[in-house]
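Novice: Just dropping this structure here.
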Amino acid sequence: MTPNYFFVRASVLAFAVYAMALSPGAAQTAKTIFCFTDGTKVGAERFETKDGKFLLYVPGAASPLEYPATKVCSVNVDPCNCVPAPQLPPNSGPAPISAAAQFGIHGSNTIGERLMPSLIEAYARKAYGAAPVTKLGKPEEMEITLVNGSAAKAVIDFQSHGSGTAAKGLAEGKAQIGMASRQLKQQEADLLKQTLNIDAYAQENEHVLALDGLAVIVNPQNPVRKLTLEQIGRVFAGQITNWRDVGGADLPIVLYRRDDKSGTFDTFKSLVLDPLNLKISPEAKKFESSELLVEGAGKDPGGIGFIALPYVGKGNRALDIDSACGLTSSATRFAVKSEEYPLARRLFLYTAGTPSVAEASNILRFALSDDAQPIIADNEFVSLAIEFQPPQAQQDWAKSVQDKPTLGLGTDKTIPSTPLRGFAQAMTHMRRTTMEFRFRHASADLDNRALQDIERLARYLTAPENSRRKFLLVGFADSDGGWATNDDLAARRAESVARLLVQQNVSVPRANIKSLSYLAPVACNDDDAGKAKNRRVEVWIE
């Protein structure tokens, strides 16, 4: 094996700067100095990595400067040092590839572009005290080598060609972990059943990695405050072209969108366009950079764009999502984490049980751990860490429920006064959390995210600083049927969560289990998806 297999300078650098590129707040506010093999030096206010290239945003430039990764020899090294990597003497350096475990991680570009590589790097640093060595290959492919001192521990065939390749990689035995920015389709699950004899949707095979959400933004002075998903879809498909048609000024609508390779576009397409069988308008202005899109849409009186949540409020305003039943949802991290927000989705990792390669199993365990949650957030996704609803937002929500208790339920529903008073009282001293446990379709069993969250909640409640805090498990139901029947169903849902917490050594007194039947829906009850969101157990903590 030649020494430069492990020490390809450009590929090592490309991976090393992932951590710098991940956090806009950290790496991209200060100037970053790039040194090139021809001796030149460029200072960038921010940068991105894409298709084996660096995109450098320099002061005064309208568009980023593009450089192949092979031309970059160091970052933030003063003075610049572009001396070639030294040749290693015989019998030194990492162990031969054949001595290391080899496995694949294939699937979603949304997960694979930055999130999963950064999780692998964090795992490697924690486990071995060193960043992995990466060799760039074809577009959306790279070889990641985990090293421990001079030994190669594992070589990962990393491919992010899309969610549709996750099940295929598992079925063909080429991947130990499949990445998917949606739940596997039934035909993909059937493939895994036929080839591996596994249930893809079982807890040991389907793992929720993170949540993804986006906002639809406009100029702050735009009088339009909210749109339905259908209106948003028709706007971006070019079917609605003037703001007056959605209650705004007589002004042409100007569309701002991310490029086709963006995970943000993938989310928008999946959640807005595809359900309506619509295509994005060719008139939409396309951006590789989120920052440039935000700047353009925010300054344009007729502009509208879609963007990841961290960019909301940066010279723009996010539209609320309206619904047919009168419920309105805002683009907040809490609404995405609790999965009440319509423009939110789960990101998954799939396996065939516990991965047979130890390093793959260790990476999976780390990616789902509490230690991984800050890394997920740094990558502009929404982590699964427990979070409280902001006080003012909770007050507004509680007041809305008390003022209009039948909102979202229909005019034929009634709310008894006693539980409504109990709800109002609890809202004065309890805080809603992002822990909203939901159930499998047509089942009383918790879904896989809920089963993961049980363990996360148990760790939180048994931590010394939280062990004496009162908490409530509050069951809710959809609006099919009467109050009493749903009150019983909601109570049983809360009891099922309590039983699982007890198995995790959490004490759950009977007084901690409450039911509010079909009060306070978080989605319309007019379809299966909305009803499923309302069949939930919330966790409120003192």
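Novice: Note the direction-averaged projected area, equal to a quarter of the hull surface, for the Cα convex hull of the chain, in nm².
Specialist: Working: hull surface 109.2 nm².
Dividing the Cα hull surface by four gives the mean projection, 27.3 nm².
Novice: Below 8 Å, C-alpha to C-alpha, sequence gap of six or more: please give me the relative contact order for the stretch 386-541 in percent. It would help to have the intermediate numbers written out before the result.
Specialist: Working: 251 pairs, mean separation 48.4, N = 156.
The normalised contact order for the stretch 386-541 reaches 31 percent.
Novice: Right, next: Need the list of aspartates and glutamates near K193 for cross-linking: C-alpha distance under 16 angstrom, and skip anything on the same chain fewer than eight residues off.
Specialist: E172, E204, E206
Novice: Taking the Cα-to-Cβ direction at R469 and at Q392 and moving 7 Å from each Cα, how far apart do the two end points lie in nm?
Specialist: 2.2 nm
Novice: Full extension from T241 to K299: what is 0.36 nm times the residue separation minus their Cα-Cα distance, to one decimal in nm? Could the numbers behind the result be given before it?
Specialist: Working: separation 58, 0.36 × 58 = 20.88 nm, distance 1.83 nm.
Result for the pair: 19.0 nm of gain on full extension.
Novice: Kindly state, to the nearest 0.05, the FRET efficiency for R459 paired with I33, given R0 = 35 Å and r defined as their beta-carbon distance.
Specialist: In this case the efficiency is close to 0.25.
Novice: For the chain, what relative contact order do you get, as a whole percent, if you take Cα pairs closer than 8 Å and at least 6 residues apart?
Specialist: Numbers: 1084 pairs, mean separation 64.9, N = 542.
Relative contact order for the chain comes out at 12 percent.
Novice: Using a 7 Å offset from the Cα along the Cα-to-Cβ direction at both C325 and S417, what is the distance between the two label points in nm, to one decimal?
Specialist: A separation of 2.6 nm, rounded to one decimal place.
Novice: Between Q504 and A202, what is the label-to-label distance in nm when each label sits 7 Å out along the Cα-to-Cβ direction?
Specialist: Each label point is offset 7 Å from its Cα along the Cβ direction, giving 2.2 nm.
Novice: Show me the ranking of peptides 483-490, 459-466, 165-172, 253-260 by mean Cβ neighbours inside 10 Å, starting with the highest.
Specialist: Top of the packing list down: 165-172, 253-260, 483-490, 459-466.
Novice: Continuing with the same structure: Please report the antiparallel percentage of DSSP beta bridges with both residues in the chain, rounded to the nearest 5. If you can, show how the numbers build up before the last one.
Specialist: Values: 61 of 82 bridges.
Here the antiparallel bridges make up roughly 75 percent for the chain.
Novice: Which of the pairs K285/K337; K53/K153; K185/K285; K413/K531; K135/K279; K53/K337 have their Cα atoms more than 26 Å apart in this structure?
Specialist: Values: K285/K337 30 Å; K53/K153 28 Å; K185/K285 32 Å; K413/K531 15 Å; K135/K279 36 Å; K53/K337 33 Å.
Among K285/K337; K53/K153; K185/K285; K413/K531; K135/K279; K53/K337, the Cα-Cα distance tops 26 Å for K285/K337; K53/K153; K185/K285; K135/K279; K53/K337.
Novice: Mind computing the radius of gyration and Dmax over the alpha-carbon atoms of the stretch 386-541? Å is fine for both.
Specialist: 14.9, 47
Novice: Ok, one more. Against the longest principal axis of the chain, how steep is helix 448-462, in degrees 0 to 90 to the nearest 10, with axes from Cα atoms?
Specialist: Between the helix axis and the principal axis of the chain, the angle is about 90 degrees.
Novice: Evaluate the relative contact order of the stretch 213-327 (contact order divided by residue number), counting alpha-carbon pairs under 8 angstrom at least 6 apart; express in whole percent.
Specialist: 44 percent
Novice: Between beta-carbons, use under 13 Å as the cut-off and find the net charge around A426, counting Lys and Arg +1, Asp and Glu -1. Each step should come with its number before you reach the end.
Specialist: Values: positive: R421, R431, R432, K470, K514; negative: E538, E542.
The answer is +3.
Novice: Per residue of the chain, what 222 nm ellipticity follows from adding -39500 (n - 2.57) for every DSSP H run with n ≥ 4, rounded to the nearest 500?
Specialist: Working: 17 runs with 162 residues, N = 542.
Rounded to the nearest 500, the figure is -8500 deg cm²/dmol.
Novice: Then there is this: With point charges of +1 on the Cβ of Lys and Arg and -1 on the Cβ of Asp and Glu, referenced to the Cα centre of the chain, which listed residue (A498, V208, S270) lies farthest in the positive direction of the dipole?
Specialist: A498
Novice: What per residue convex hull volume, in Å³, comes out for the stretch 213-327 when only alpha-carbon positions are used?
Specialist: Taking only Cα atoms, the stretch 213-327 has a hull volume of 95 Å³ per residue.
No value in this document is a laboratory result; all are computed from the given coordinates. Keep in mind it's a predicted model, so treat the numbers as computed, not measured. Cβ sites come from the backbone with ideal geometry, for glycine too, and all protein chains shown count toward neighbours.
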